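*Asks:* Got a structure for you, written out below as structure tokens; questions coming shortly.
The values are calculated or read from the model by the stated rules, or taken from the named source; none is laboratory data. The shown structure was predicted, so the numbers you read here are calculated from the model rather than taken from an experiment. Quick reminder, even Gly has a Cβ in these numbers, built from the backbone with ideal geometry, and neighbours come from all protein chains shown.
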Amino acid sequence: MVDRDPLPFWGRGRVTLLGDAAHPGYPSGANGGTQAIIDARVLAYHLAVEPDPVAALAAYEAERRPVTSAIVLANREMDRVGRNKSAAPGAPSGESIEKVTEAYRKAAGEAEKLNSRASLTPPGVVRD
Ligand SMILES: Cc1cc2nc3c(=O)[nH]c(=O)nc-3n(C[C@H](O)[C@H](O)[C@H](O)COP(=O)(O)OP(=O)(O)OC[C@H]3O[C@@H](n4cnc5c(N)ncnc54)[C@H](O)[C@@H]3O)c2cc1C
């Protein structure tokens, strides 16, 4: 039940973060577990296709940090408007719950787009 500002970086060298350690948010969007699983899949993908683990972790962070940062901020706004909390400095005010929910949905990804994305299974791996 903790919300944190998006981090400017997740790691260095062979160290990185994943899931709530990387991008904790209020459970308003009910999506943190899902995002942690996507982190794991993207991380595994880059480690599988990139021989250099440092480059793999950098590619993972480059792909996931912007997406999850946007989700955390949209989630925060949805939580604020949903609970009628006062706006943080600089936050858009006077937004309806429909608007902030739609912004959250866009940040998290629309189902059709997510379902039509390329598989994260590395090429050459045979699935059952
Ligand atoms: C009320 C609530 C409702 C939620 N509903 C949803 C939902 O409907 N859908 C959804 O997708 N997400 C939901 N979430 C979010 C989801 O639970 C989290 O985003 C997800 O569990 C994060 O997974 P994680 O593996 O990153 O972290 P965690 O699940 O927190 O796992 C971290 C683990 O590390 C362990 N640990 C900590 N320190 C150490 C240490 N020093 N040594 C060893 N182990 C350690 C902890 O005990 C824990 O088991 C909800 C969260 C809350 C609080």
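*Asks:* Name the residue, out of ALA58, ALA36, ALA62, that is within 14 Å of the ligand (Cβ to nearest atom), surrounded by fewer than 21 Cβ atoms within 10 Å (Cβ to Cβ) and either small (Gly, Ala, Ser) or over 30 Å from GLU98 (Cβ atoms) (or both).
*Replies:* ALA36
*Asks:* I'd like to verify a number: residues in the range 75-87 that are crowded, with 17+ Cβ neighbours inside 10 Å and over 11 Å from the mean Cα position of the chain (by Cα), how many?
*Replies:* Qualifying residue count for the region: 6.
*Asks:* If you don't mind, there's one more thing I want to ask. Could you go through the range 116-125 and let me know if any residue there is among the hydrophobic types (A, V, I, L, M, F, W, C), modelled with pLDDT of 85 or more and at negative phi.
*Replies:* Among the residues of the range 116-125, at least one is among the hydrophobic types (A, V, I, L, M, F, W, C), modelled with pLDDT of 85 or more and at negative phi, which makes the answer yes.
*Asks:* Only one of these is out of contact with any Asp or Glu (no Cβ under 6 Å at 6 or more places or on another chain), at pLDDT 95 or above and over 24 Å from VAL100 (Cα atoms): ASP52, ASP5. Name it.
*Replies:* Step by step, each of ASP52, ASP5 is checked, and only ASP52 is out of contact with any Asp or Glu (no Cβ under 6 Å at 6 or more places or on another chain), at pLDDT 95 or above and over 24 Å from VAL100 (Cα atoms).
*Asks:* Now, a different point. Examine the range 13-26 for a residue that is touching a residue at least 40 places away in the same chain (Cβ under 8 Å) and closer than 19 Å to ASN115 by Cβ, and state whether such a residue exists.
*Replies:* So far as the range 13-26 goes, no, none of its residues is touching a residue at least 40 places away in the same chain (Cβ under 8 Å) and closer than 19 Å to ASN115 by Cβ.
*Asks:* Another one. Can you tell me which residues in the range 12-33 are of a type in the set (Gly, Ala, Ser) and either within 16 Å of THR68 (Cβ to Cβ) or within 9 Å of the ligand (Cβ to nearest atom) (or both)?
*Replies:* GLY19, ALA21, ALA22, GLY25, SER28, GLY29, ALA30, GLY32, GLY33
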